[in-house]
Amino acid sequence: MRHWSLALALIDGVGYVSYHRMVKAIGSPQGVLEAQEEELRQIPGLSKKALQEVVSGRWEEKLQNTLKRLKAHSIEFVSCEEETYPERLRDLSHPPPILFYQGDLRVLKAPCVTVVGTRSPTPYGRDMTAKVAQGLAQQGITVISGLARGIDTAAHLGALKGGATAAVVGTGLDMVYPLENLPLAREIGEKGGTILSPFPPGTPPEKGNFPRRNLIMAALAWGVVVIEAGRKSGAVITASHAKELGRPVMGLPGLVGSAQTSGVHRLIKEGAHLIEKVQDILDILGTQGRSEEAEREVTMEGKEREIWDTLAGGPLPPEIIAERCNLTLQEVYSILLQMEMKGLVTSRRGSTYERRGI
């Protein structure tokens with residue numbers, strides 16, 4: 001059934017607004033694709049090009065080609081009609097109909113903070129970004145950034161030292177931009193994070209893609225942190241989206257008079273929170289993060305605590321966990337899934353599991 005959503009989203013001339021308008025008018029993506037021409041003509045704003053593609057059935061070949069390409073590159077997708085679709089994106093008036101992803105999308109169920117900034121950071125900016133991202137990740141917060149050069153790269157690398165990270169990109173997932181971040185992209189997936197995009201495979205890094213990417217990064221986050229950014233940068237645009245969505249905007253001050261920090265300082269003057277350390281971010285978001293003691297007393301239930309204690313010595317495969325906890329393998333997988341969704345553990349391609357965020 002989800003393939004109907006993908007097929008509709010792939011049609012030329014169908015954007016976010018027209019997708020939701022068509023589904024609302026007809027009732028479902030399948031209903032739209034099976035509708036008669038006369039019925040479709042009643043939908044306001046539907047382009048002639050989109051109408052012809054739906055009626056002619058040409059979308060079927062495009063769907064099959066895309067599915068083959070997704071399989072070839074191990075790319076998954078989720079539609080906005082599914083329960084697993086990131087809930088915070090529903091705050092958008094017209095959320096992306098389809099998200100393509102690699103890795104574990106469940107990291108977006110945890111509290112998320114987007115960290116963005118210039119592609120040409122100072123050593124100070126790069127170092128502070130890594131420290132902030134690592135500190136957030138150690139508190140069980142998923143750090144989101146855009147996989148670009150500079151601050152984005154530092155944010156992902158820092159987060160990977162402490163927990164999970166998610167990258168939102170402006171290309172299809174069958175290509176990494178910039179190419180130098182290909183090893184980083186692979187590491188994000190291998191360490192339990194995710195890379196996601198609203199664009200189908202084959203989409204190049206065109207300039208017009210990145211504002212849409214920035215909006216998604218803002219919408220997914222509980223708050224946005226800007227570190228070293230010019231006044232007209234993409235990072236400032238991301239912060240503007242966050243403000244419109246009611247997400248807190250935070251800025252790390254830098255050198256006075258520097259073009260690399262002028263955008264951050266302007267945001268602070270306009271009301272963004274000034275932050276100096278991770279605790280400032282936690283205070284602003286209204287969370288104290290996660291401690292081992294708190295997880296034991298509040299979050300863990302039943303056998304979860306026993307598995308948690310078993311993982312104290314480091315990563316273990318499910319078979320060993322089952323043996324040490326006197327559980328069946330099926331029981332272990334079920335409990336580990338719940339623990340992953342709570343942000344307590346993370347998997348390495350499903351072969352081993354380890355504690356997360358402590």
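Plainly put, segment 105-285 has a radius of gyration that is 0.93 times its Kirkwood radius, both from alpha-carbon atoms, as the Rg/Rh ratio. With unit charges on the beta carbon (Lys/Arg positive, Asp/Glu negative), name the residue among S120, G172, V132 whose Cα is farthest towards the positive pole of the charge dipole of the chain. The one lying farthest along the dipole's positive direction is S120. When the chain is treated as a Gaussian network with alpha carbon springs shorter than 10 Å, the biggest mean-square fluctuation among V132, V332, V264 belongs to V332.
Annotation for segment 163-209 versus segment 1-47: alpha-carbon center distance of 28 Å.
The residues packed around A148, meaning those with a beta-carbon under 12 Å from its beta-carbon, carry a net charge of +1 if Lys and Arg are +1 and Asp and Glu are -1.
Students often get this wrong, so try it: which of (i) 24.8, 92; (ii) 21.6, 66; (iii) 24.9, 78 is Rg and Dmax of the Cα atoms in Å as calculated from the structure shown? Answer label, from the structure shown: (ii).
Here is the size of segment 192-330 from its Cα atoms: Rg then Dmax, 21.1, 63 Å.
Take the alpha carbon gyration tensor of segment 133-176, find the square roots of its eigenvalues, order them as a ≥ b ≥ c, and report rounded if a/c is under 1.5; if not, report prolate when a/b exceeds b/c, else oblate. Here segment 133-176 falls in the prolate category. Among H20, H73, H273, the largest mean-square fluctuation in a Gaussian network model of the chain (Cα springs under 10 Å) belongs to H73. In segment 1-91, the inverse of the mean reciprocal separation of distinct Cα atoms equals 13.7 Å; this is its Kirkwood hydrodynamic radius. Within straight-line reach of K62, meaning a Cα separation under 30 Å, sit the following lysines at least 8 residues removed in sequence or on another chain: K24, K48, K49, K71, K207. Normalised by 2.2 N^0.38 Å, where N is the number of residues, the C-alpha radius of gyration of segment 56-162 stands at 1.32. A cut-off under 12 angstrom between Cβ atoms defines the neighbours of V224, and their net charge, with Lys, Arg +1 and Asp, Glu -1, is +1. Counting each DSSP H run of 4 or more residues in the chain as -39500 (n - 2.57), what helix-only mean residue ellipticity at 222 nm follows after dividing by all residues, to the nearest 500 deg cm²/dmol? So the calculated ellipticity at 222 nm is -13000 deg cm²/dmol. For segment 224-283, the spread of Cα positions along the three principal axes, ordered from largest to smallest, is 28, 24, 16 Å. Taking Cα centre as origin and charging only the Cβ of basic (Lys, Arg, +1) and acidic (Asp, Glu, -1) residues, the dipole magnitude of segment 105-285 rounds to 180 debye.
Just so you know, all these numbers are worked out from the coordinates, no wet-lab data involved. Source: prediction; values computed, not measured. Reconstructed Cβ throughout: ideal geometry from the backbone, glycine too, with neighbour counts over all protein chains shown.
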